[in-house]
Amino acid sequence: MIKQYFKQAWRMMRQNKLFSAIYIGGTAIAIATTTVFAVIYYVKLAPIYPEYQRGRTGYVTLVACDMKSGAYGQGQLGYSFVRDYLYPLKSAECVSGFMGTSWDNNFVVASDGLSTIPVDLKPTDPAFFDIYGYDFLEGAPFSQTDLDNGVRRAVITDVLANKLFGTTGDVVGKTVSLNYADFEVTGVVRAGSTINKFSYADIFTPYTTYTGYDNLFFCSPMGVFRAVIVADDIEAVQAELAEAVRKYNSSQDEEEVEIYNQPSVHAKEAFGFWPGQEFSLGEVVRKNLIILLVLLLVPALNLSGMISGRMEMRSAELGVRKSFGATRGKLLWQVVWENFLMTLIGGAIGLLISWGVIYATSGTILQILNSHDALLSVESTITPDMMFSPWVFLIALVLCLVLNLMAALVPAWWSLRRPIVQSLKEK
């Protein structure tokens with residue numbers, strides 16, 4: 001029966017090309033807009049490569065110092081703060097510190113020995129690869145001994161390996177000239193996306209290989225570090241860290257430290273909220289749910305009006321079918337399935353449009369749901385697993401179903417309530 005419905009729907013589309021084109025175009029625009037929102041939420045919150053532990057991840061990125069002399073400052077974490085207060089956290093499963101300054105103008109020397117290749121650099125520790133699930137195509141992370149002794153070793157991505165050596169195999173043990181300093185490659189990983197600002201880099205090295213990694217700024221807890229933490233209970237980590245900071249403050253005469261109830265959960269960081277801002281994921285979802293409903297409701301009302309007019313034209317046809325025994329329910333399902341075919345076509349086109357928009361904007365559109373004070377001009381790369389997710393397809397399909405039911409069900413039901421005689425008179 002469903003196959004018959006689709007055959008009849010296809011014939012109706014060919015007979016009413018203008019109506020079908022307008023219907024499909026309106027559906028495509030609605031689905032494209034709402035699918036962009038779905039992709040944004042998926043990319044920000046779903047466990048995607050290599051950030052598979054997002055639901056258990058917290059970030060410490062900011063510390064404030066209030067000096068008794070009257071001076072006040074905010075900044076990233078000092079190495080001593082990471083070493084003395086974050087690494088020892090008992091309620092955390094794993095803690096990784098990395099230098100969080102924007103490392104601009106870093107480069108590696110190309111194989112010709114003359115030209116250079118700009119790279120994103122992340123000085124970190126071996127625990128970083130326990131938190132972020134990078135796929136090692138060859139080799140392994142540098143070791144804790146390398147970190148402790150400041151040994152120049154590095155993990156590079158497959159993209160960088162191909163640029164430097166033309167292959168991702170037999171790269172371990174080779175030398176990379178990073179900012180004219182030689183680093184031995186210990187491993188090659190599959191590259192991630194620049195959207196994942198905490199996990200992404202082209203090259204990862206021990207932070208102890210950089211002079212000044214333990215320098216302090218303004219006050220002793222401030223420096224150039226950030227930290228990422230994995231724990232089953234982030235609130236317990238927040239409480240433990242707050243207690244450690246309280247003890248630190250009680251031992252100081254010259255400064256008082258504020259940590260803003262960190263670690264911040266992943267969702268708070270993903271939507272661009274600073275640590276000191278109030279955040280509720282439920283509130284963010286509710287605000288955007290209203291927008292999504294409007295984006296679906298307006299086209300549904302327009303399409304519903306078009307379908308209502310079309311049902312007037314088909315009243316005689318439906319009256320004849322009623323007179324030959326077709327039930328109201330069967331005719332209603334026929335109309336719904338006919339419109340569902342056009343909705344599916346429009347949804348598929350809308351899905352393609354949404355992908356095109358995201359690629360055309362270099363992923364910048366993925367920042368539109370960020371907090372008002374977040375930077376919006378970051379160019380981002382999109383990986384296939386972000387776009388071709390089963391969840392994105394499922395969401396698009398559900399949107400098609402909802403839009404179809406909203407647009408087709410009411411006018412079809414209202415038209416089919418007419419008596420057979422009245423429908424036949426309109427022939």
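For the reader, a short list of remarks on this structure follows.
- Other-chain or far-sequence residues with amide H under 5 Å of VAL189's (modelled H): LEU137, ILE156, THR157, ASP158
- Loop-located chymotrypsin sites (Phe, Trp or Tyr not before Pro) in the stretch 166-261, at most 11 other Cβ atoms within 10 Å (DSSP): TYR180
- For the stretch 28-145, the carbon plus sulfur part of the accessible surface works out to 52%, probe radius 1.4 Å.
- When +1 charges are put on Lys and Arg Cβ atoms and -1 charges on Asp and Glu Cβ atoms, the dipole computed for the stretch 82-147 relative to its Cα centre reaches about 240 debye.
- Solvent exposure of SER251, expressed as accessible area, is near 80 Å², computed with a probe of 1.4 Å over the protein chains only.
- Cα-centred dipole magnitude for the stretch 26-170, charges only on beta-carbon of K, R (+1) and D, E (-1), debye, nearest 20: 460
- FRET efficiency for GLU254 and LEU394, using Cβ-Cβ distance with R0 set to 56 Å, rounded to 0.05: 0.50
- Our coupling estimate for the stretch 239-249, obtained by passing each phi through the Karplus curve with A = 6.51, B = -1.76, C = 1.60 and θ = phi - 60°, is 5, 5, 5, 4, 5, 5, 5, 4, 5, 4, 5 Hz, Gly and Pro reported as x.
- ASP135-LEU216 pseudo-label distance in nm [points 7 Å out on the Cα-to-Cβ vector]: 4.5
- When the Cα gyration tensor is reduced to axis lengths a ≥ b ≥ c, the ratio a/c is 1.5 or higher for the stretch 1-158, and with a/b above b/c it is classed as prolate.
- Here each label is just a point 7 Å from Cα along the line to Cβ, and for VAL357 and LYS287 those points are 1.9 nm apart.
- Charge dipole (the stretch 1-128, unit charges on Cβ, about Cα centre) - positive-most of VAL63, ALA21, ALA127: ALA21
- Cross-link table LYS197/LYS287; LYS44/LYS287; LYS197/LYS268; LYS68/LYS268; LYS68/LYS247; LYS163/LYS197, entries beyond 20 Å C-alpha to C-alpha: LYS197/LYS287; LYS68/LYS268; LYS163/LYS197
- With every protein chain in place and a 1.4 angstrom probe, the accessible-area ranking of ASP214, ASP158, largest first, reads ASP214, ASP158.
- With R₀ set to 22 Å, the beta-carbon distance separating SER280 from LYS197 gives a calculated FRET efficiency near 0.50.
The values are calculated or read from the model by the stated rules, or taken from the named source; none is laboratory data. Since this is a predicted model, take the numbers as computed values, not measurements. A quick note on method: Cβ atoms are made from the backbone with ideal geometry, for glycine too, and the neighbour counts reach across all protein chains shown. Side chains are part of the model used for accessible areas, which takes the heavy atoms of the whole protein and leaves out ligands, DNA and RNA. Shrake-Rupley method; radii C 1.70, N 1.55, O 1.52, S 1.80 Å.
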